[in-house]
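Notes for the one structure printed next.
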Amino acid sequence: QVQLVESGGGLVQPGGSLRLSCAASGTIGSIYAMGWYRQAPGKQRELVARITSGGSTNYVDSVKGRFTISRNAAKNAVYLQMNSLKPEDTAVYYCNADRPGRTDWGKGALVTVSS
């Protein structure tokens with residue numbers, strides 16, 4: 001079992017920045033990738049960014065150049081730095097962890113971009 005806890009969500013004005021954090025605990029040794037997904041009201045959950053244990057990253061096109069995913073292996077944490085936020089980035093952001101045969105999810109952190 002892997003437990004994931006997100007933090008850092010909140011209300012920010014358009015053009016502002018937020019940093020999300022995800023702390024992992026439990027059976028973390030088998031995790032081979034972690035990511036951030038988001039789900040806006042009335043929409044399907046979508047992948048925002050993902051990072052593998054080898055450090056490879058990928059992003060959805062809509063956040064490229066604005067968001068950066070990173071990890072701290074020593075702290076078992078993954079981060080999402082979000083800059084130049086837009087109202088359309090408003091969503092609940094979920095951290096996930098991929099292990100062989102299983103994906104674990106956090107409970108989510110709400111990000112609201114509004115003036």
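The values are calculated or read from the model by the stated rules, or taken from the named source; none is laboratory data. The structure displayed is predicted, hence computed values, not measured ones. Positions of Cβ are backbone-derived with ideal geometry, glycine not excepted, and every protein chain shown enters the neighbour counts. To get the accessible areas, we keep the full protein, side chains included, count just its heavy atoms, and leave off ligands, DNA and RNA. Shrake-Rupley method; radii C 1.70, N 1.55, O 1.52, S 1.80 Å.
Couple of notes before you dig in:
- Net charge dipole size for the range 76-115 [Lys, Arg +1 and Asp, Glu -1 on Cβ; Debye, nearest 20]: 120 debye
- Dipole of the range 9-115, positive direction: furthest Cα of V113, N58, A24, with charges on the beta-carbon: A24
- Per residue, the solvent-accessible area of the chain (1.4 Å probe, heavy atoms of protein chains only, all protein chains present) comes to 52 Å².
- Split the accessible area of the chain by element, probe 1.4 Å, and carbon with sulfur accounts for 48%.
- Shape box of the range 1-97 [Cα atoms, principal axes, largest first, Å]: 38, 24, 22
- Heavy-atom accessible area with a 1.4 Å probe sorts E46, E6, E88, largest first, into E88, E46, E6.
- Hits among lysines - C-alpha to C-alpha of K64 under 24 Å, sequence gap 8 or more where chains match: K43, K86
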